[in-house]
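Only one structure is covered here, and it is reproduced in the block below.
What follows is calculated from the coordinates using simple rules that are stated; it is not laboratory data. Only a predicted model underlies this, so the values are computations on that prediction, with no experimental measurement involved. Backbone-built Cβ (ideal geometry, glycine too); neighbour counts: all protein chains shown.
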Amino acid sequence: MVTAKDTHMVLPEFHTVAQGFETTAGPDPRTAVAEEIGRTGLLETVAPGQSVLITAGSRGVACMLEVLAGVAAAVKARGAKPLILPAMGSHGGGTAEGQVEVLRHLGQTEKTLGAPIRDRLEPVRIGEAEGCPVYADRAALDADHILIVNRIKDHTEFIGEIESGLIKMAVVGLGRIAGAEVMHQLAVRVSYVRAIEAIARVLFAKLPILGGIAILEDKTSALRRLEAVPAVAVFEREPELLGEAQQHHATLPFDRLDVLLVDEIGKDISGAGFDTKVIGRIMNIYEKECETPRITRIVLRDLSAKTGGNAIGIGLADFVHRRVVAKMDPEMTALNSITARAPEKGRVPISLPSDREALEAAFNSIGLWEPESIRMAWIANTSDLNRIAVSPALAREAEATGLRVSANRCPLSFDAGGDLPGLLSWLRINGFG
């Protein structure tokens, strides 16, 4: 809605909605690791002097450092030698040095983890699945034992009985970039679920995998509980753990939006930059698309500090601030997108020089609207959905469903250059706490 050619749009004012997610008073990660390992006897076959390879991924899992340190301590308590494997497919530019640097960005170093980190990348072909080679890093073949550590959650590329968890970590973690490339190639032909499971079964049969430590989070991304899963139970247990995790997955409280404004994306937030199940856009030509939510336009403002220039997911947005493109590492983003067989996620949308211009472009492309009827939400990122800003129409809808909605509403506070503060800063500036 524009009042004149040389004036700005009259945009809606915004309420805040609190979804009421409460951080679980979860266990101490190190204590929980020790208890679970003791309960399952996961390390009973580990003898003094033996080596135990532990996977460390690239996601921003809040408790990951403490979980990995707890696993390393448990291994050392057996008199064995832990070794951390940067297990992240093509992230970090697909290089050994880059992946060690990713862990450093996440605070995971030899000192903080209490174990050395594998600083070489040596893929070895160890078998075949569905006519494709299966790879594992040389460190996995040389280790006496392997422990897989990962969060159980929805995957960003597909919908299935297994998604992101221990099985997927075995494939793209132990297989590193070669394993990730083959898995994605096979997925194009047979689907993600079938490709991941087929390759993982070869890895579990050929490698000395003891099992895994499954991390289960609450809706605020805090640790809710851990579960140690012996290797013999992984393929049966993981679908059950995914079902549990999905009950605690934070989502937007709306099925339909005209515009979604997002402060940042990043690999530390989600493997696809955005959590695709939150925005309802998987954008994968050989997998089923999400049914909800339906979002007409998505505007992206920035990349996260910890993504290291990897802007995978940028293609899921419709309009972006130019700072996103300026911070983007094109080579790293291309590598990740190509490895994932998802070039769509690396495409650069229309970029504009300010938040105001990006938003106005989005509003201009949704059809007729009025400030009181527009369905717009503003979030910090797709892993932080406890408090969001919403237009009046969504505020009314949220209140009708029992969510806590602020009585007052405030305008978007653009600076002289047409840019906004981050959502959290905007909330503080306007007294929303």
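Just to be sure I understand the model, the point goes 7 Å from the Cα along the line to the Cβ. What's the resulting ASN408 to GLN246 distance in nm? Here the answer is 4.2 nm between the modelled labels.
Arrange the peptides 281-293, 25-37 so that the one whose residues have, on average, the most other Cβ atoms within 10 Å appears first.
Numbers: 281-293: 16.0, 25-37: 17.7.
Highest to lowest by the protection proxy: 25-37, 281-293.
With a Förster radius of 35 Å applied to the beta-carbon distance between VAL190 and ARG347, the computed FRET efficiency rounds to 0.85. Candidates LEU147, VAL171, GLY107 compared by Cα position along the dipole of segment 89-176: farthest toward the positive end lies GLY107, with charges placed on Cβ. Note on segment 315-347 and segment 298-313: Cα centroid distance 8 Å, given to the nearest whole angstrom. For the peptides 355-363, 413-421, the ranking by mean Cβ contacts within 10 Å, running from highest to lowest, is 355-363, 413-421. Between ASP415 and ALA77, the simple label model (points 7 Å from Cα in the Cβ direction) yields a spacing of 5.0 nm.
Report, in whole Å, the centroid distance computed from the Cα atoms of segment 230-265 and segment 160-209. Here the answer is 19 Å between Cα centres. Among PRO12, VAL33, PHE414, pick out the residue whose Cα is farthest towards the positive end of the charge dipole of the chain, where Lys and Arg carry +1 and Asp and Glu carry -1 on C-beta, about the Cα centre. The one lying farthest along the dipole's positive direction is VAL33.
Of all beta bridges that DSSP places with both ends in the chain, some 45 percent have antiparallel geometry. Kirkwood radius and radius of gyration were both taken over the C-alpha atoms of the chain, and their ratio Rg/Rh is 1.00.
To the nearest 20 debye, what charge dipole does the chain have about its Cα centre, counting +1 at the Cβ of each Lys and Arg and -1 at the Cβ of each Asp and Glu? Spell out each step's value before the answer.
Working: 47 positive and 55 negative charges, 106 e Å.
So the magnitude is around 500 debye.
Computed per residue of the chain from DSSP H runs no shorter than four, each worth -39500 (n - 2.57), the mean residue ellipticity at 222 nm is -9000 deg cm²/dmol. Local charge for VAL190 was computed over the other residues whose Cβ lies under 12 Å away, with Lys and Arg +1 and Asp and Glu -1, and equals -1. Taking every alpha-carbon pair in segment 250-325 and binning the separations at 5 Å intervals from zero gives 3, 16, 28, 26, 18, 8, 1 percent. Annotation for segment 1-78 versus segment 385-428: alpha-carbon center distance of 27 Å. Percent of Cα-Cα pairs more than 22 Å apart in segment 321-408, please. Tail of the P(r) past 22 Å holds 49 percent of the pairs. Averaging the sequence gap over all C-alpha pairs within less than 8 Å and six or more residues apart, then dividing by the number of residues, gives the chain a relative contact order of 19 percent. Taking label positions 7 Å along the Cα-Cβ direction at both ASN364 and THR24, the computed distance is 4.7 nm, reported to one decimal.
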